[in-house]
1. Find out how many positive minus negative residues lie around Ser218, taking Lys and Arg as positive, Asp and Glu as negative, among other residues whose Cβ is under 9 Å from that of Ser218.
2. When Leu48, Leu4, Leu74 are ordered from fewest to most other Cβ atoms inside 10 Å of their Cβ, what list results?
3. Please turn the phi angles of segment 250-257 into ³J(HN,Hα) values with the Karplus equation 6.51 cos²θ - 1.76 cosθ + 1.60 (θ = phi - 60°), one per residue in order, whole Hz, x for glycine and proline.
4. Apply the Karplus curve 6.51 cos²θ - 1.76 cosθ + 1.60, θ = phi - 60°, to the phi angles in segment 271-279 and return the couplings in whole Hz, x for Gly and Pro.
5. Going from the alpha-carbon gyration tensor of segment 42-169, what semi-axes, largest first and in whole Å, does one get by taking the root of 5 times each eigenvalue?
6. For segment 122-227, count all C-alpha to C-alpha pairs, find those more than 18 Å apart, and express that count as a whole percent of the total.
7. Specify the residue with the greatest mean-square fluctuation among Ala94, Ala136, Ala161, computed from a Gaussian network of the chain linking alpha-carbon atoms under 10 Å apart.
8. Show me, bin by bin at 5 Å from 0, the whole-percent P(r) of segment 176-253 based on Cα pairs.
Amino acid sequence: MTVLAGAHVFDAETGDVIRADVRLDGARIAEVGLGLDGPAVDCSGGLLIPGLIDCHVHVAFRRPESLPRSARILEAVPVLRGLLARGITTVRDAWGADAGFKHALAQGWIDGPDLLVSLRQLGPTGGLGDAWDPAAGAVDNYGDPSLPDPLFDGPEAARAAVRRMVRADADWIKLGASGSLRAVVAGVDVRPTDDELAAVVDEAGRCGRDVLAHAHTSAAVVSAARAGARSIEHGTFLDDSAVAALADAWYVPTLSPMSETEFAEQHRRSLRLAVEAGVRIAAGSDMAPRPHVDLTTELRLLAAVLGDAAALKAATSEAARLLRLDDDRGRIEPGLRADVVWLAGVDLDVSDLPARVRAVWHDGQPVTSP
Ligand SMILES: [Zn+2]
């Protein structure tokens, strides 16, 4: 049992900051209030926030240089450890990590956040998940039984692709509802049909899974959202019809990878349009294995549009709700998991979170010593 004493606490529902102590008991938060007794860590002058949740990472992408396959997996080890040390206690991998990473984390072979995996991104021939090369033909740099073939053509094949992912232990089904940004801009955007999208979402649901859909264009966002995807990723070019279609979904804008491109302002405009329409926002960094681009970068970019409190909610309570984990984490409340980050200073300013992290508790265990 540990009492985090004298701190201010971020309320991830209201966005307010209150004065309170927090008692951790094992893996759970036992009590939040003033004057709690017990062995204390003096957090006065600091702010406690829930462990951060990144809804869109890639902890195990290949590097562009030609390296043996083991490099992709071994590089993820320090990446995962670094995320946890910066207060990111849960991540949803949007493809690249297989179920073996979860096993290694559960066994304690490596340290890192709780990991949800989606394995590969499903899509049609010529779509997002197709790595066909004009000279070499079918190229599969990820070909591995634990990362099954994601290509499908037709609704029945789409169902089979979902089943292949579920068989390999995918927690989420990742779908390419539009092509890559490069393909969209080049006008070669091969998209699944509405029947194929519906088949993916229906089959995922029958298997107890939800769908996250990569979509840059409004047309792709509308199709994926209408088919029932639970979250729409990127949404670079949103219009009124797209934000209207997002009424029952979460929007995970992933501003980071676009932030230094010619589309950055248009992307921010899409986010503002969605916020004005009341669309629920969850945070995702689209992090490739580069520790300098992670959720803390995304929070700074989100805060520039949403403000600090709403950005933090997107990475805590709203992210947990999207991932159907809100009964378990995402807020500092009795009964929820003891995933807590202690920041220096009491203000909500998220512009440089890594510099403010004093200590992190994950599942009640100190990750970095207070
Ligand atoms: Zn991504």
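1. -2
2. Leu74, Leu48, Leu4
3. 9, 10, 10, x, 6, 5, 3, x
4. Each residue's phi maps through the Karplus curve to give 5, 4, 4, 5, 5, 4, 8, x, 5 Hz.
5. Each semi-axis is the square root of five times an eigenvalue, giving 32, 17, 13 Å.
6. When all Cα pairs of segment 122-227 are counted, 44 percent exceed 18 Å.
7. Judging by the Gaussian network model, the answer is Ala136.
8. Whole-percent P(r) values from 0 Å outward: 3, 19, 29, 25, 16, 6, 2, 0.
Any read-out appearing in this document is the output of simple, stated calculations on the displayed coordinates, not a laboratory observation. Owing to the predicted nature of the structure, the values given are computational and were not obtained by experimental measurement. For neighbour counting, all protein chains shown are included, and Cβ atoms are generated from backbone atoms with ideal geometry for every residue, glycine included.
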